[in-house]
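Enquirer: Could you have a look at this structure, given as structure tokens, before my questions?
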Amino acid sequence: MKLKFARVLERVAKPDRAGGRDIGHFMMARTGGFTLIELMVVLVLIGIMTAMIIPEMKGTFEDAVLRSSGRELVNVFNLAYSRAVTVNQLQRVRLDPGTGRYLLERRVKAGPGENGFAPVRDVPGGEGKIDSRISMELRRPEDVLPDGSDQAAPPVSGGVTAIWDQAIAFYPDGTADAGEVLLQDREGFRLALRINPITARVDVVQLERRTP
């Protein structure tokens with residue numbers, strides 16, 4: 001019995017010469033690396049896929065930044081509307097298109113014929129700056145077009161005088177200045193934030209891309 005077992009071990013340990021090739025040589029052949037041609041084909045495929053995916057990822061990221069900036073301004077507009085109605089005091093959002101900054105302000109007493117405003121700094125979300133890659137433009141009612149090019153928007157209602165100092169005012173009666181804030185990224189994609197003067201609601205409208 002021991003002799004038979006020893007012979008089995010001997011046969012396993014010795015290479016199999018059947019067909020002129022041993023088992024070890026066969027296994028090495030099966031586990032060999034890629035050929036140069038195969039590696040070149042893989043690299044070409046990776047290059048093609050990268051060229052197709054990167055532009056899509058860039059467009060998606062730019063779009064996300066644009067929409068995020070729009071949400072920031074919508075939030076501060078809603079905050080101004082809510083405070084105007086709650087505290088029964090005119091509030092406005094002042095914009096600085098050059099730097100992309102925005103600031104919530106409240107009306108304060110001033111001299112005759114003057115409109116005095118003071119920053120509201122104790123309210124979260126009342127001050128900030130949109131992404132520097134997004135340009136901002138505040139347009140007056142006569143400049144605002146529903147599709148960005150054709151028909152003028154409705155004028156300010158109720159005989160209220162709009163305060164146009166690169167700002168949009170929100171009044172205690174729930175109304176607001178009519179206007180539009182135009183946001184544009186570096187790829188030419190645009191969003192329009194349109195303030196309804198009657199309801200003070202902000203509508204976000206995606207406009208046609210403007211070729212840079």
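Enquirer: Can you tell me which residue in the stretch 73-107 is nearest to the chain's Cα centre (by Cα), limited to those that are buried (at least 19 other Cβ atoms within 10 Å of the Cβ) and part of a helix (DSSP H, G or I)?
Expert: Leu73
Enquirer: Give the number of residues within the stretch 53-106 that are modelled with pLDDT under 90 and closer than 12 Å to Ala169 by Cα.
Expert: Qualifying residue count, the stretch 53-106: 0.
Enquirer: Name the residues in the stretch 179-201 that are touching a Ser or Thr at 6+ places or on another chain (Cβ under 9 Å) and within 24 Å of Thr211 (Cα to Cα), would you?
Expert: Of everything in the stretch 179-201, those that are touching a Ser or Thr at 6+ places or on another chain (Cβ under 9 Å) and within 24 Å of Thr211 (Cα to Cα) turn out to be Leu182, Leu183, Gln184, Asp185, Arg186, Gly188, Leu191.
Enquirer: Now a separate question. Just to verify a result, which residue in the stretch 116-139, among those that are hydrophobic (A, V, I, L, M, F, W, C) and assigned to a loop (DSSP other than H, G, I, E, B), is nearest to Glu187 (Cα to Cα)?
Expert: Within the stretch 116-139, the match that is nearest to Glu187 (Cα to Cα) is Ile134.
Enquirer: Being surrounded by fewer than 17 Cβ atoms within 10 Å (Cβ to Cβ) and among the hydrophobic types (A, V, I, L, M, F, W, C) is the filter here; which residues of the stretch 164-206 pass it?
Expert: Trp164, Ile198, Val204, Val205
Enquirer: Follow-up question, since we're still on this one. Quick one: Thr50 ticks every box in (1) at pLDDT below 75; (2) of a type in the set (Val, Ile, Thr); (3) within 21 Å of the chain's Cα centre (by Cα) bar one, so which box is it?
Expert: (3)
Enquirer: Of the conditions (1) out of contact with any strand residue (DSSP E or B) (no Cβ under 7 Å at 6 or more places or on another chain); (2) in a loop (DSSP other than H, G, I, E, B); (3) modelled with pLDDT under 90, Glu142 satisfies every one except a single condition; which number is it?
Expert: Exception for Glu142: condition (2).
Enquirer: Another question about this same structure. Determine, yes or no, whether Thr35 is at pLDDT below 75 and among the hydroxyl-bearing types (Ser, Thr, Tyr).
Expert: Criteria not met by Thr35.
The values are calculated or read from the model by the stated rules, or taken from the named source; none is laboratory data. Nothing here was measured: the structure is a model prediction, and the numbers come from that model. Counting neighbours? That spans all protein chains shown, and the Cβs are built from the backbone with ideal geometry, glycine included.
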